[in-house]
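Everything below concerns the one structure shown next.
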Amino acid sequence: MSHNDLIARRRMLGGAATALGAIGLSGWAQAQTSTPTAPAAAVPPAAKPLPAYAAWKNPAAMVVHSATTIETRRSAFGTGLITPAQQLYIRNNLPAPNASILEQREAWTISLEGVKQPRSMTLAELKTLGLETVATVLQCSGNGRGFFPSKPSGTPWTVGAAGCVLWTGVPLRNVVAALGGLADDAKFITGTGGEKLPEGIDPLSVVVERSVPIKALDDCLLAWDMNGEPLSLAHGGPLRLIVPGYQGVNNIKYIKRLAFGSSESKAKIMAHGYRITPPGAQSGPEQESVWEMNVKSWINGPLPEAGAVKAGLVQLHGVAFGGSKAIARVEVSTDDGKTWHPARLTGPDLGRFAWRQFAVALKLPAGNYQVASRAVDSAGNVQPAERLENAHGYNNNSWRDHAIQLTVA
């Protein structure tokens, strides 16, 4: 291990200890290193430093909430279609594994169960079974939580826990076919992450293991590249399960096991976590799981922090997506939804799982405006004005919450 790699490991583990302290596992994290945490890289005084495993990201584009929750600044989205890796958000439920897992990527193994010929396969073997690239929106289910007046527990994301990226890997349907097909009438696909688990507690209480409906099979990918580069540790390398159209937590990083079966995982993160729970209620398996994303859009510019906009023709732009459904149209309002103006979908259409850019030029005299966007997907679902109130602040696609206040002078 090089000197730089050693420093990076020490800093990563220091960040892990901070993250695990919040769930009472700081002692386990501290046991993973016997050396002090190295100093963090210099950043502006008001900002938290990037953790070592993500130190390669652009600090000016990021908001560091914690070592495992890092948000893209709204102003950093700009007018681009694909989100660069250097500014893509991070949300990890456990500290990232040791960076040494990337030293021999081709040897990484994944166990395939619930197929007629169950076995473990290496990444090198997976690469012989097919190749596809798909553009998807990757979004944390808590994106938009910061707009809830009730202030649910969890990271107060605004719009930056999302991005549109290109994944390259093997279609999961190809892997299933190579192993003889499904063994039984499977109803769920369950993926298990390869993070190191703390000892002495029930693994099901902390393991990152999620189940999604079997209908997602035809679209799933086992991905090893992101945006044309080998998948980084920060984003799940060397191998990640991609479930297009589904919220980020279902896209399992460092995937080590994939099982097809008749029931959902019993892991806490599945049975009780990421559920649409009414305010004041306890989360449980009987409640709706955070699965497919809903139709959503927001304005990315011009933004209020850039100051007043010159009166006259103002070019408003943003992004819109529909989860597993394509975007049909987008409208923009400058008066809190009293009137709507059709926007133009711009740039290439990268498929129904990607987001679409939109733009509209409006003549605005001097004044103060509430600028919002409203998207409609191919099934006719309309982005709502109000959020769905729930205990954990999930699935916020309210156009009113995502509006901006713009001054024109």
Exercise for the section: Within segment 301-316, identify whether any single residue is within 26 Å of N381 (Cβ to Cβ) and modelled with pLDDT of 95 or more, and answer yes or no. Expected result: yes
Practice task
Report whether or not T79 is crowded, with 16+ Cβ neighbours inside 10 Å and under 28 Å from W399 (Cα atoms).
Solution key: no
Practice task
Examine segment 275-286 for a residue that is free of Cβ contacts under 8 Å to residues at least 40 places away in the same chain and touching a His at 6+ places or on another chain (Cβ under 7 Å), and state whether such a residue exists.
Solution key: yes
Practice task
Please determine, by comparing only the residues of segment 316-346 that are part of a strand (DSSP E or B) and over 28 Å from the mean Cα position of the chain (by Cα), which one is surrounded by the most Cβ atoms within 10 Å (Cβ to Cβ).
Solution key: H341
Problem - Lone qualifier among E264, E288, E292 - being under 20 Å from the mean Cα position of the chain (by Cα), under 30 Å from L126 (Cα atoms) and not basic (K, R) - result: E292
Practice task
Determine if segment 331-340 includes at least one residue that is closer than 21 Å to Q139 by Cα and outside the structural domain of E288 (by TED's automatic domain parsing).
Solution key: no
Handout entry: Subset of segment 91-114 [under 28 Å from K325 (Cα atoms) and either in a loop (DSSP other than H, G, I, E, B) or out of contact with any strand residue (DSSP E or B) (no Cβ under 7 Å at 6 or more places or on another chain) (or both)]
Key = N92, N93
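Residue-by-condition table, conditions (1) closer than 30 Å to G280 by Cα; (2) surrounded by fewer than 20 Cβ atoms within 10 Å (Cβ to Cβ); (3) in the same structural domain as V64 (by TED's automatic domain parsing):
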{"position": "P118", "(1), (2), (3)": "no, yes, yes"}
{"position": "L126", "(1), (2), (3)": "no, no, yes"}
{"position": "L129", "(1), (2), (3)": "no, yes, yes"}
{"position": "T136", "(1), (2), (3)": "no, no, yes"}
{"position": "V159", "(1), (2), (3)": "yes, no, yes"}
{"position": "N174", "(1), (2), (3)": "no, yes, yes"}
Completion exercise
Result of the Cβ filter at 8 Å on segment 146-170, keeping first residues that are among the small types (G, A, S) and partners that are in a helix (DSSP H, G or I), at least 6 apart or interchain, is G154/R145; G160/R74; G160/A76; A161/G248; G163/Q87; G169/L126
Fill in the blank from the handout: Counting only residues that are surrounded by fewer than 20 Cβ atoms within 10 Å (Cβ to Cβ) and either at pLDDT below 95 or of a type outside the set (A, V, I, L, M) (or both), segment 199-218 contains a total of 9
Problem - Residue ID - nearest to A343 (Cα to Cα), chosen from residues in segment 362-388 that are among the charged types (D, E, K, R) and surrounded by 14 or more Cβ atoms within 10 Å (Cβ to Cβ) - result: R374
Practice task
Please find, within segment 219-235, the residue that is surrounded by the most Cβ atoms within 10 Å (Cβ to Cβ) out of those that are in a loop (DSSP other than H, G, I, E, B) and without any contact (Cβ under 8 Å) to a residue 60 or more places away in the chain.
Solution key: C220
Exercise for the section: Show the residue pairs that are 6+ apart or on different chains and have beta-carbon atoms under 6 Å apart, the first residue being within segment 63-83 and farther than 21 Å from H317 by Cβ and in the same structural domain as T158 (by TED's automatic domain parsing), the second being of a type in the set (V, I, T) and assigned to a loop (DSSP other than H, G, I, E, B). Expected result: H65/T155; T69/T155
Practice task
Could you check, for segment 194-206, whether at least one of its residues is within 17 Å of the chain's Cα centre (by Cα) and β-branched (V, I, T)?
Solution key: no
Handout entry: Inter-residue pairs, beta-carbon under 7 Å, first under 24 Å from A375 (Cβ atoms) and in segment 298-309, second among the hydrophobic types (A, V, I, L, M, F, W, C) and modelled with pLDDT under 95, 6+ apart
Key = none
Fill in the blank from the handout: Selection over segment 272-312 where residues are in a strand (DSSP E or B) and of a type in the set (S, T, N, Q) yields a count of 3
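The values are calculated or read from the model by the stated rules, or taken from the named source; none is laboratory data. This structure is a prediction, so every number in the text was calculated from the model and none was measured. For neighbour counting, all protein chains shown are included, and Cβ atoms are generated from backbone atoms with ideal geometry for every residue, glycine included.
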